[in-house]
Amino acid sequence: MIKKKQYRITEVKEAKQVALDYLKLFELDKAIEFGLPEIDDRYHIWRVPLLSKNNENIGEVVIDAITTLINEKKSSNKEVLESRLLGRKLNNTSKKMEGSDDENGSTPKVSNLRNTVGFGDCEELLSETPNESVDLIFTSPPYFNARPEYAEYLTYEEYLLKIKKIIHQSYRVLNEGRFFIMNISPILIRRSSRSEASKRIAVPFDFHRLFIEENFEFIDDIIWVKPEGAGWATGRGRRFAADRNPLQYKPVPVTEYILVYRKKTEKLIDWHIRKHPIPELVEASKIEDGYETTNIWKIHPAHSQKHPAIFPLELAEKVIKYYSFKNDVVLDPFAGTGTVGKAAIKLGRRFVLFEQDPEYITIIQEELHSWLQNRVNEVNLINLELTKNKTPFLNFDVV
């Protein structure tokens with residue numbers, strides 16, 4: 001049974017602040033006031049009433065008391081709130097299914113975000129990113145305590161909650177029907193003494209649940225296979241290799257998952273191709289011969305003294321080519337040293353890179369010159385007055 005002490009929102013003022021942040025996304029925070037928030041212990045949620053300036057109830061914000069996330073299905077959306085504020089009846093015309101695009105004239109959005117590098121916690125930076133402004137998200141999140149330099153979370157549950165919040169924010173910033181792709185693998189927690197057993201955590205399967213809970217659709221699981229000889233550094237399998245006793249068998253891990261999810265939509269993928277506002281970009285983005293025909297990708301891992309878990313440029317290039325058009329915006333919320341940004345520019349896309357380690361941010365800033373040549377000054381920078389090279393602060397904006 002869940003107890004109140006497990007709630008991350010325990011006070012009225014905390015519930016109001018979360019609701020205020022939600023209204024800011026719609027630029028309605030100045031037009032709407034709050035009634036008295038109430039906690040619903042049966043469902044572990046806060047209900048925050050929304051009032052007009054005339055003190056009329058026009059809706060509510062529903063917040064998960066445990067995760068602090070907005071329950072958008074139960075909360076009043078922008079269209080409802082605006083119609084009630086203006087005293088208009090809501091248009092109840094049902095959404096049209098794929099195939100009626102010619103009737104409603106809808107077309108995929110073209111993002112106007114410029115190349116961006118943001119320094120700070122990606123959860124906070126995502127909250128400042130405009131709605132539906134990103135065309136592809138590809139990332140590899142930090143491991144949970146797999147190495148000392150990653151020991152950031154006290155518990156695995158905290159780690160999963162952090163990832164859930166990032167997936168939640170990502171759903172909002174991702175364009176309709178576009179893809180969130182994650183490179184992830186199970187991790188090994190080494191034993192602290194000979195009297196204990198090591199543990200292997202099935203991270204990809206826990207992440208899958210988070211994506212489904214956040215309304216993404218599962219599309220594919222791609223297996224990244226590393227060459228023979230990889231994986232022995234983990235020490236896994238050495239005991240069995242020496243003794244060959246049953247029950248001790250543990251295979252050496254030489255694979256990682258590339259999990260592919262799509263933001264839910266009624267529109268088919270073909271809609272993005274047929275209705276793209278710039279058909280020339282669709283034509284220029286066609287995949288050449290030699291593409292991967294199965295979900296088994298054989299790619300040599302990358303190594304760098306600058307980062308302990310860098311993923312290969314080849315991997316980033318394949319994902320970007322297969323799941324975006326030229327000129328699209330590709331986001332990596334855990335950018336590391338910027339591999340996704342480098343691949344994006346190489347393939348004629350734009351990038352948004354978020355990273356909280358100042359050393360990695362410095363590397364990205366140095367790399368920008370080789371990626372962009374004389375266009376470096378066009379890059380939008382966020383919070384970079386905090387980095388070693390004292391880059392001036394520039395507001396997060398669009399072009």
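The values are calculated or read from the model by the stated rules, or taken from the named source; none is laboratory data. The structure displayed is predicted, hence computed values, not measured ones. Cβ placement follows ideal geometry from the backbone for every residue including glycine, while neighbour counts extend to all protein chains displayed.
A few remarks follow.
- Hits in segment 353-371 (condition: in contact with a strand residue (DSSP E or B) (Cβ under 8 Å, 6 or more places away or on another chain) and among the β-branched types (Val, Ile, Thr)): 361, 364
- Which numbered condition residue 78 fails, given (1) in contact with a Phe, Trp or Tyr (Cβ under 8 Å, 6 or more places away or on another chain); (2) charged (D, E, K, R); (3) surrounded by 18 or more Cβ atoms within 10 Å (Cβ to Cβ): (3)
- Spans of strands (runs of 3 or more DSSP E) in segment 172-271 with at least 1 residues modelled with pLDDT of 95 or more and at negative phi: 174-184, 216-225, 255-263
- Answer from 72, 98, 123 - the residue that is assigned to a helix (DSSP H, G or I), closer than 22 Å to residue 264 by Cα and at pLDDT below 95: 123
- Residue match in segment 18-36 (condition: aromatic (Phe, Trp, Tyr), at pLDDT below 95 and closer than 22 Å to residue 128 by Cβ): yes
- Only a single item in (1) at pLDDT below 80; (2) surrounded by 15 or more Cβ atoms within 10 Å (Cβ to Cβ) is not met by residue 276, and it is number (1).
- Note on segment 242-263: among residues that are touching a residue at least 60 places away in the same chain (Cβ under 8 Å) and among the charged types (D, E, K, R), the one that is surrounded by the fewest Cβ atoms within 10 Å (Cβ to Cβ) is 262.
- Restricting attention to segment 279-292, the residues being surrounded by fewer than 11 Cβ atoms within 10 Å (Cβ to Cβ) and outside any helix (DSSP H, G or I) number 6.
- From the list 326, 298, 346, the one residue that fits, being under 16 Å from residue 224 (Cβ atoms), in contact (Cβ under 8 Å) with a residue 12 or more places away in the chain and either basic (Lys, Arg) or buried (at least 16 other Cβ atoms within 10 Å of the Cβ) (or both), is 298.
- Look at (1) surrounded by 15 or more Cβ atoms within 10 Å (Cβ to Cβ); (2) in contact (Cβ under 8 Å) with a residue 24 or more places away in the chain; (3) under 24 Å from residue 213 (Cβ atoms); (4) not basic (Lys, Arg) and you find that residue 62 fails only one, number (2).
- So residue 335, is it of a type in the set (A, V, I, L, M, F, W, C), modelled with pLDDT of 90 or more and in a loop (DSSP other than H, G, I, E, B): yes
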